[in-house]
Amino acid sequence: MGKTLDRQKDWSRRRTLQALGATGGTLLAGAPALAQTVAAPAVRKKVKLTYWNWADNPVHQKISLDSVDMFNKSQNLIEVEVDATMAVMESRKKLVVAHAAGAAPDVIMTVQYWVQDYFDNGILHPIEDYFKKWDAAPDFFPNVIEQTRSKKDQPIMFVPQTSIPYFLFYRADWLKEAGVQVPDTFDDFVKVAKAITKAPDRYGIAMRGQTYSAIQVILPIWASAGVKFADEKGTVDFDSPAAIDVTEKWVGMFTKDKSAQPSAVNDGYREQYALMEKSKCGLWFYGPHASPALITALGDAIQGAPNPRVGPNRYMLANPEGPMMTTGTKEKEAAWEFIKFITSGEALLLYTAGRAVPPVRKSASLNPFFQNNRFIKMGLDNVSTWWMPPYEFNNWANFQDKIPPFWQEVLREKITVKDFHAQGAKFLRGQA
Amino acid sequence: MAFARKRRIDLLPYAMIAPIAALLLAISVYPALYAFWLAMTNASLLRLARAQFIGAGNLVRMIDDPVFLEGLWRTLRWDLAVVGSELAIALPIALLLNVAFRGRGIVRAAMMVPYITPPAVVALLFCYIVDGNFGVLNDLLVRAGIFKEYFSWLSDPAGSFWVIVSAMVWYGQPLMALILLAVRQTIPAELYEAARVDGASPWRMFWHITLPHLMPTIWFLLLLRMIWMSNHIDMIFIMTQGGPGFSNYTEAVYSFKLTTQFEIGYASAVAVALALFLVTASALYVRHLARSVLSS
């Protein structure tokens, strides 16, 4: 334990980034290179493309720059210019504004939850025709490719590089000390959170209050309780008793059990990560990209488990991410060549292993890096439970954009859980 | 024989100001007019081409929007707290830095450090200082026995407000102090010498000589900072995103949030309403200022 604590003291954000960078670099140096897409046979003239990606941190930014550099060196006809200076949420705003001004990039990285909005508003150019002709198409996880359609009858919208599963990080040593098992059901989870709390020194769950991500981690638990959020007919059940019951228990961990940190209302990712790393909290819903730093800081004490369930089904929120082609591009063939490049071979490894997130190609997922990281492997072993809410529903963006302040209000007990759900349902119904 | 010579218009001055006038039209007048136009539409950035004119529709929505209505008070509260605190700190600093003492040059230069620090960095520094779990402020308060346990400043409406105000005041007061110091140095020394000969106390000298000379500048600074603070977003947004809940949603933050939700029509309406409040208040203020200066 002493050793672990000493290591925790020495850990810093800089080292976290170094660890991620080193992981990616080592992997690329040691791993056998996967087949890399080569020059563009369909492009017969010199072409310039613009490509935008967000940067979670300097390592992520370097990945974008390195992948573009690799592409530019791989052939003579297509030159890609990259802008990877924006934060993830900024990339959506920047694209929408640029599209309105007629200056959208040719290719941009996207997350699944924006895709339907982009498609409905003429920003996204689907890639189904290109994808079907690609000999690497069968290598992609079929369920993830289906997700990229957004709606069943729609074409494939973009090529996924990864889908980041959100699961439960837990302190195995604290659970053992408290004599409790890894929670199977949500009720178990609430009990475990309480059992391992020793306030004010440590708390059960690292709870989040800030931004939509605070709610995002509860989505699979609501889904497990049978909540559909919205269906094709437009029926909204976010204000159903099942949904309210889950939220009552979740909020109760903060307001009644006191098994969440007192600062939860304003805490975001940065604070949650620090709480886990500094052994202040023992349970956290997050993705595998936090795992390299947590493993280095906490060793075997930190373990992962699938999300707890309410009903018989268990879900793992997993949002596909990958490059999409915009309608603004005049060089579709060239854009497709670039998209193929960064979703294949070494470039794909940069984007996945370099960020410690799972690839969604069968061949790449067998790479030792992914198989040896217990968190990524658990995610890959549970691909069948990967799930996402109805992002395609036409009021989902309205809900997602407007609900966060109400979540803080419910944590502060300024509104009731019922009021929170009523407000969320209004957003989903387009009534607010 | 005297012919009335036709007066020739000298075009040169107009030619000289034409470039800057064109630039102002392009980057200031046109966007302002466009914002007015947007404020009367239901424009969304996602569907800009399909924007429809709705006249006073956004105005009606604002009157029925508690976030907007409460935002007026939040904006005023923010303005008064920041500008009032800045003045309360900057004025003594300016007077102190006018006194001769060893190392005054270094202190004067050091005083500007907060102002040259990027506001985003200042915001993050304050977030770390007041962090509810690891912050040094909580540590000091608990060690000193003032608090029994750590307090989550940014999760509390009043706590978060005063933390943001503190960060803003720390960042903004050097500019005010510097300007007041510069004005203080223009006050003729003879006035103080004559007052001393008459046996005036330092307080009477401040009250009857320093303050009257500084007042026009103070009024001007108050106006300028109030306008800046009404439009301020970054410190509030970085530290709390306007939260917890809506407790730090000033009108500027609200307008920005609406823009991030692509509701550019309503966001423009909120921004235009804020601008109209500011223009009206400024006009009344300047008129009052001009009258008081003229009468004095």
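Residue-wise test of (1) farther than 15 Å from A:Pro323 by Cβ; (2) touching a helix residue (DSSP H, G or I) at 6+ places or on another chain (Cβ under 8 Å); (3) assigned to a loop (DSSP other than H, G, I, E, B).
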| position | (1), (2), (3) |
| --- | --- |
| A:Asp56 | yes, yes, yes |
| A:Val59 | yes, yes, no |
| A:Ile63 | no, yes, no |
| A:Ser67 | no, yes, no |
| A:Met70 | no, yes, no |
| A:Asn76 | yes, no, yes |
| A:Glu79 | yes, yes, no |
| A:Thr85 | yes, yes, no |
| A:Arg92 | no, yes, no |
Within the stretch B:185-194, is even one residue free of Cβ contacts under 8 Å to residues at least 60 places away in the same chain, touching a Leu at 6+ places or on another chain (Cβ under 6 Å) and farther than 23 Å from B:Phe161 by Cβ? no
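Considering every residue within the stretch A:355-363, establish whether at least one is part of a helix (DSSP H, G or I) and more than 15 Å from the chain's Cα centre (by Cα).
Within the stretch A:355-363, the subset part of a helix (DSSP H, G or I) is A:355, A:362-363.
Adding the requirement that they be more than 15 Å from the chain's Cα centre (by Cα) leaves A:362-363.
For the stretch A:355-363, residues part of a helix (DSSP H, G or I) and more than 15 Å from the chain's Cα centre (by Cα): present.
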Among the candidates A:Val246, A:Val251, A:Val227, single out the residue that is of a type in the set (Val, Ile, Thr), more than 12 Å from every other protein chain (Cβ to nearest Cβ) and not in a helix (DSSP H, G or I). A:Val227
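Looking at the structure I just gave you, is A:Ala87 of a type in the set (Gly, Ala, Ser), within 13 Å of chain B (Cβ to nearest Cβ), in contact with a strand residue (DSSP E or B) (Cβ under 8 Å, 6 or more places away or on another chain) and buried (at least 20 other Cβ atoms within 10 Å of the Cβ)? Even if it seems obvious, please write down each step before you answer.
Numbers: of a type in the set (Gly, Ala, Ser): yes; within 13 Å of chain B (Cβ to nearest Cβ): yes; in contact with a strand residue (DSSP E or B) (Cβ under 8 Å, 6 or more places away or on another chain): yes; buried (at least 20 other Cβ atoms within 10 Å of the Cβ): no.
For A:Ala87, the condition - of a type in the set (Gly, Ala, Ser), within 13 Å of chain B (Cβ to nearest Cβ), in contact with a strand residue (DSSP E or B) (Cβ under 8 Å, 6 or more places away or on another chain) and buried (at least 20 other Cβ atoms within 10 Å of the Cβ) - is not met.
Condition test on B:Trp78, is it more than 14 Å from every other protein chain (Cβ to nearest Cβ), among the hydrophobic types (A, V, I, L, M, F, W, C), surrounded by 15 or more Cβ atoms within 10 Å (Cβ to Cβ) and closer than 30 Å to B:Arg225 by Cβ? Reasoning before the result, please.
Values: more than 14 Å from every other protein chain (Cβ to nearest Cβ): yes; among the hydrophobic types (A, V, I, L, M, F, W, C): yes; surrounded by 15 or more Cβ atoms within 10 Å (Cβ to Cβ): yes; closer than 30 Å to B:Arg225 by Cβ: yes.
Yes: the conditions hold for B:Trp78.
Does any residue of the stretch A:131-146 turn out to be of a type in the set (D, E, K, R), closer than 28 Å to A:Leu380 by Cα and surrounded by 21 or more Cβ atoms within 10 Å (Cβ to Cβ)? Talk me through it step by step, then tell me what you get.
Step one: filter the stretch A:131-146 for residues of a type in the set (D, E, K, R), giving A:132-133, A:135, A:139, A:146.
If we keep only those that are closer than 28 Å to A:Leu380 by Cα too, we end up with A:132-133, A:135, A:139, A:146.
Within this subset, residues satisfying the condition of being surrounded by 21 or more Cβ atoms within 10 Å (Cβ to Cβ) are none.
No, the stretch A:131-146 contains no residue that is of a type in the set (D, E, K, R), closer than 28 Å to A:Leu380 by Cα and surrounded by 21 or more Cβ atoms within 10 Å (Cβ to Cβ).
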In the stretch A:98-130, how many are in a helix (DSSP H, G or I) and closer than 19 Å to A:Glu337 by Cβ? 3
When you go through B:Ile106, B:Ile63, B:Ile116 one by one, which is the residue that is more than 24 Å from the chain's Cα centre (by Cα), under 25 Å from B:Met229 (Cβ atoms) and exposed (fewer than 14 other Cβ atoms within 10 Å of the Cβ)? B:Ile63
Check the stretch A:321-339 and report whether any residue there is in contact with a helix residue (DSSP H, G or I) (Cβ under 6 Å, 6 or more places away or on another chain), closer than 23 Å to A:Pro183 by Cβ and assigned to a strand (DSSP E or B). no
Pairs, first farther than 17 Å from A:Val107 by Cβ in the stretch A:146-160, second of a type in the set (A, V, I, L, M), C-beta under 7 Å, six or more apart: A:Gln147/A:Met388; A:Arg149/A:Ile156; A:Arg149/A:Met157; A:Ser150/A:Val115; A:Ser150/A:Met157
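None of the figures in this text is laboratory data; all of them are computed from the coordinates on show. The shown structure was predicted, so the numbers you read here are calculated from the model rather than taken from an experiment. We place every Cβ from the backbone using ideal geometry, glycine too, and count neighbours over all the protein chains shown.
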